[in-house]
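First the structure, in the form of structure tokens, and then the observations on it.
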Amino acid sequence: MSLSSKEEEILRSIKIPSENDPTAPEFPPDNPRFPATPTYKIEVPGFKNVWLKDETVNPTGTHKDRMAWEMIVTYKQFLLAKRRGIIDKLPELSILSSGSAALAIQTQLKNYKLPYLRVLMDEHTDQKIISTLKRIGCRVFLADMKKRIFNWDDILRMTKNQDGFDITSNEAYDPTVRFYDWMSYEILNSNAEYVFIPFGTGQLYENVMNIVKRELTYHIRDPRFKGKKSILRNCSFLGAATNNPHSKADKLYAPFLPFANYSRQWIRYYTYTGITGKMSSVYYVKENYLDKALVIVKMNNINCEPSGIAGLALMLQLGYKIPKNKKILIVNTGKTKI
């Protein structure tokens, strides 16, 4: 089945300069550059060399905009498949989201005039967030997220999208390598000795760790990697999570993380084989350190939300274990523009 004139126009509008050429980056789509977001030094009492990777400059304010762009890339593949007669209509996408990912994805889908996103959310979600998502075109479905784990089939059924695709999981896609590959290289190229990353769904942390493994164990070097392998091999990657249902870092808390691939055994393999530093792991952030981080954030005029800056809180919490002159990178995953 051929494409309609409108679909042909959409297909032409999706331009992908390259998959991994740093001189021809693909993000952000309106002004591609590599690195796509800035990294700059910040002042943290007691530490001499702390840097911030700032994702707030992205279109909707968070690193989820990078995932959103990959969904547009996916739709280009769907459009090409429809042109070849493999499918007769474009599928719709479903996602379980607290808001940031849904906002970023639907914003891009709307920009490219693609099918709207179906979103499964907790029934206790702030009405302002729900209203914003509906206003930009999302189909929102509510459920009690505290009862059980929802698998991809549940998400499709509960969003009335059995013929579509769930993009929350990695059952149909491979987000642990694909969604944040460019961002991962931007992080690795900083040559930091300690990297602190917010851990919500776990996709960003997993992506970074898989890129580290690829660069240190594969013989072919990705052209985007400009860092030093000697530093990378000893770098510790620390994920900042929370198990507190009342935490200010509310986007990092979920009673069930249905699709996180992280396990302590998995990360222990990385440290035991010398792929990463000995402190690499996922840690729970204590609320008092999150409060301290927010004071430092204000002092440095950093735009963020508690969930996005949880890495700084974890650095303060574990500061007694970290040499004060080492280069430290804090990943600020951003602040959603609701």
Practice task
Tell me which residues, restricted to region 182-196, are among the hydrophobic types (A, V, I, L, M, F, W, C) and within 18 Å of ARG268 (Cα to Cα).
Solution key: VAL195, PHE196
Handout entry: Subset of region 271-320 (residues that are β-branched (Val, Ile, Thr), farther than 21 Å from THR336 by Cα and in contact (Cβ under 8 Å) with a residue 60 or more places away in the chain)
Key = ILE275, THR276, VAL282
Handout entry: When residues of region 225-246 are limited to those that are surrounded by fewer than 21 Cβ atoms within 10 Å (Cβ to Cβ) and touching a Pro at 6+ places or on another chain (Cβ under 8 Å), the one modelled with the lowest pLDDT
Key = PRO245
Exercise for the section: Output the qualifying pairs, or none if there are none: Cβ atoms under 6 angstrom, residues six or more apart or on different chains, first residue in region 241-257 and in a loop (DSSP other than H, G, I, E, B), second residue among the basic types (Lys, Arg) and at pLDDT below 85. Expected result: PRO255/LYS146
Handout entry: Any chance VAL50 is in a loop (DSSP other than H, G, I, E, B) and assigned by TED's automatic domain parsing to the domain that holds LYS226
Key = no
Exercise for the section: Please list, ordered by first then second residue, the pairs with beta carbon atoms under 6 Å, 6 or more apart or interchain, first in region 133-156 and at positive phi, second part of a loop (DSSP other than H, G, I, E, B). Expected result: GLY137/TYR116
Fill in the blank from the handout: When restricted to LYS41, LYS64, LYS53, the only residue out of contact with any Lys or Arg (no Cβ under 9 Å at 6 or more places or on another chain), surrounded by 14 or more Cβ atoms within 10 Å (Cβ to Cβ) and farther than 21 Å from ILE167 by Cα is LYS53
Practice task
For region 123-237, please list each of the helices (runs of 4 or more DSSP H) lying entirely inside it that holds at least 3 residues being aliphatic (A, V, I, L, M).
Solution key: 127-135, 152-158, 181-188, 203-217
Problem - PRO25 in contact (Cβ under 8 Å) with a residue 24 or more places away in the chain and crowded, with 18+ Cβ neighbours inside 10 Å - result: yes
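Matching residues to (1) among the small types (Gly, Ala, Ser); (2) closer than 25 Å to ALA36 by Cα; (3) modelled with pLDDT under 95:
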site	(1), (2), (3)
THR125	no, no, yes
LYS134	no, no, no
PHE141	no, no, no
ILE149	no, no, yes
ASP154	no, no, yes
MET158	no, no, no
ASN161	no, no, no
MET183	no, yes, no
SER190	yes, yes, no
Exercise for the section: Could you tell me which residue of region 6-22 is surrounded by the fewest Cβ atoms within 10 Å (Cβ to Cβ), considering only residues that are of a type in the set (Val, Ile, Thr) and in a loop (DSSP other than H, G, I, E, B)? Expected result: ILE16
Handout entry: Matching residues in region 192-214 - criterion: being at pLDDT 95 or above and surrounded by fewer than 22 Cβ atoms within 10 Å (Cβ to Cβ)
Key = GLU193
Fill in the blank from the handout: Over region 273-288, the set of residues under 23 Å from the mean Cα position of the chain (by Cα) and either under 24 Å from HIS246 (Cβ atoms) or among the small types (Gly, Ala, Ser) (or both) is GLY277, SER280, SER281, VAL282, TYR283, TYR284, VAL285, LYS286, GLU287
Completion exercise
Only one of LEU3, LEU93, LEU79 is surrounded by fewer than 17 Cβ atoms within 10 Å (Cβ to Cβ), touching a residue at least 40 places away in the same chain (Cβ under 8 Å) and farther than 30 Å from TYR320 by Cα, namely LEU3
Practice task
Please enumerate the residues belonging to region 211-225 that are touching a helix residue (DSSP H, G or I) at 6+ places or on another chain (Cβ under 8 Å) and touching a residue at least 12 places away in the same chain (Cβ under 8 Å).
Solution key: ILE211, VAL212, LYS213, GLU215, LEU216, ASP222, ARG224, PHE225
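The values are calculated or read from the model by the stated rules, or taken from the named source; none is laboratory data. Just so we're clear, the structure is a prediction, and the values are computed from it rather than from any experiment. Counting neighbours? That spans all protein chains shown, and the Cβs are built from the backbone with ideal geometry, glycine included.
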